[in-house]
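**Student:** The structure under discussion is supplied below as structure tokens; questions concerning it will follow.
The values are calculated or read from the model by the stated rules, or taken from the named source; none is laboratory data. What you are looking at is a predicted structure, and each value in this text was computed from that prediction instead of being measured. Glycine also receives a Cβ, built like all others from the backbone with ideal geometry; neighbour counts cover every protein chain displayed.
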Amino acid sequence: MLSVVLDNAGYAACTGQGDPLKIMNYNVLVGFNGSKMYREKYKNWIKERLPDIIGYQEMSKFTEDTFAAFAQSYGHSYTVFFDTGSCCPLAISSKYPISNIQKIGIGLHHGVITAEIEGYRLIVLHLDPSSWQQRLVEIDKILAIIDSLPKEKRLMMGDFNSFSPVDADVYSTQQARLARAIKAQSKNINNGNFDYSVIQRVIDAGYIDSWWEKHRKFTHTCPTNLHSTAGSADKLRIDYIWTSPDLKPEIKDCEVVYDGTTHILSDHYPVLLTLER
């Protein structure tokens, strides 16, 4: 299993068109567990390695105004905040202006944000945790919603709560895990096996899994060291940044950020994509 430890040299600041663009996705566990200390840790950590764009899930304990102030404190002047009332708001922060914003919540547990930044069309989502059946309904709705957007330069990111079929070989060799999941009536069990149908829909729609494209191997995005407890220590890859096919040549790297800070801030690790513009 690949572990990635990033240092400051791994995060070059983007100064304009033609420079690399760095996009991070992060589920921050109900607003960093509502902890002021964790928020401060995150601010110090992110200031040293600031991506150009960050998509967030579970921005609980924030409002539109407090999130804007939070983002400003680490160097992002542009924000979007969307709370469907499900307890887990979505958000975007950016170094660059954000335009053509849509916030869509009808029929979606956590909703979806679409927006444009630097000519890229962002889709930030968090699929329903309750069942693979509901996630399948949601991803079909989201794919239909974004079908009206320009087809090029799309970036779809978030916590999909779903397994990828490209990781099936890893999961299928873990019979003890499958037995535990069946016994627990896991949200990812479909007819006695792990479900891959949700992510298969995304693949069938033509999107490129940026992690898989660069590494062709499994790594986990959840749980973290701090949140690996008895009964939940199985490693999962459920957080993704997808690109439209035209961006495939621009994918310079994609990393899951493992370090001393990300081990403790959330139950998920951030995913960082670098595009060579």
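**Student:** The conditions are (1) modelled with pLDDT of 95 or more; (2) over 18 Å from the mean Cα position of the chain (by Cα); (3) under 20 Å from Ile251 (Cβ atoms), and Pro150 fails exactly one of them. Which is it?
**Tutor:** The one condition Pro150 does not meet is (1).
**Student:** Contact list please: Cβ distance under 8 Å, first residue in region 236-257 and of a type in the set (Gly, Ala, Ser), second residue part of a loop (DSSP other than H, G, I, E, B), pairs at least six apart or on different chains.
**Tutor:** Ser244/Lys151; Ser244/Glu152; Ser244/Lys153; Ser244/Gly206; Ser244/Tyr207
**Student:** How about region 157-177: which of its residues are buried (at least 20 other Cβ atoms within 10 Å of the Cβ) and within 28 Å of Arg121 (Cβ to Cβ)?
**Tutor:** Answer for region 157-177, where residues must be buried (at least 20 other Cβ atoms within 10 Å of the Cβ) and within 28 Å of Arg121 (Cβ to Cβ): Met157, Gly158, Asp159, Phe160, Asn161, Ser162, Phe163, Ser164, Asp167.
**Student:** Let me ask you something else. Could you look through region 87-110, keep only residues that are small (Gly, Ala, Ser) and more than 18 Å from Ala68 (Cα to Cα), and pick out the one that is nearest to the chain's Cα centre (by Cα)?
**Tutor:** The selected residue is Gly105.
Table: residues versus (1) closer than 26 Å to Ser99 by Cβ; (2) of a type in the set (D, E, K, R); (3) more than 14 Å from the chain's Cα centre (by Cα).
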residue	(1), (2), (3)
Leu125	yes, no, no
Trp132	no, no, yes
Glu138	yes, yes, yes
Leu143	yes, no, yes
Ile146	yes, no, yes
Gly158	yes, no, no
Phe163	no, no, no
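**Student:** Which residues, taken from region 119-168, are among the β-branched types (Val, Ile, Thr) and either part of a loop (DSSP other than H, G, I, E, B) or out of contact with any Ser or Thr (no Cβ under 7 Å at 6 or more places or on another chain) (or both)?
**Tutor:** Across region 119-168, the qualifying residues are Val124, Val137, Ile139, Ile142, Ile145, Val166.
**Student:** Regarding region 178-193, can at least one residue be identified that is buried (at least 17 other Cβ atoms within 10 Å of the Cβ), under 21 Å from Leu125 (Cα atoms), at pLDDT below 95 and among the charged types (D, E, K, R)?
**Tutor:** yes
**Student:** Which one of these is modelled with pLDDT under 95, of a type outside the set (Phe, Trp, Tyr), touching a helix residue (DSSP H, G or I) at 6+ places or on another chain (Cβ under 7 Å) and at negative phi: Leu226, Leu273?
**Tutor:** Leu226
**Student:** In addition: Here is a list: Lys183, Lys217, Lys187. Which entry is charged (D, E, K, R), out of contact with any strand residue (DSSP E or B) (no Cβ under 6 Å at 6 or more places or on another chain), over 24 Å from Gln57 (Cα atoms) and touching a residue at least 24 places away in the same chain (Cβ under 8 Å)?
**Tutor:** Only one candidate passes the filter, namely Lys217.
**Student:** Here's something else I'd like to know. Can you give me the number of residues within region 1-28 that are at pLDDT 95 or above and crowded, with 21+ Cβ neighbours inside 10 Å?
**Tutor:** Adding up the residues that qualify gives 8.
**Student:** Specify the residue that is nearest to Gly85 (Cα to Cα); the eligible residues are those in region 100-118 that are charged (D, E, K, R) and part of a strand (DSSP E or B).
**Tutor:** The residue in question is Lys103.
**Student:** Let me ask you something else. Which one is nearest to Leu272 (Cα to Cα) among residues in region 37-82 that are in contact (Cβ under 8 Å) with a residue 40 or more places away in the chain and surrounded by fewer than 19 Cβ atoms within 10 Å (Cβ to Cβ)?
**Tutor:** Checked region 37-82; the qualifying residue nearest to Leu272 (Cα to Cα) is Leu50.
**Student:** So, in region 111-123, exactly how many residues are charged (D, E, K, R) and over 18 Å from the mean Cα position of the chain (by Cα)?
**Tutor:** Final tally of qualifying residues: 1.
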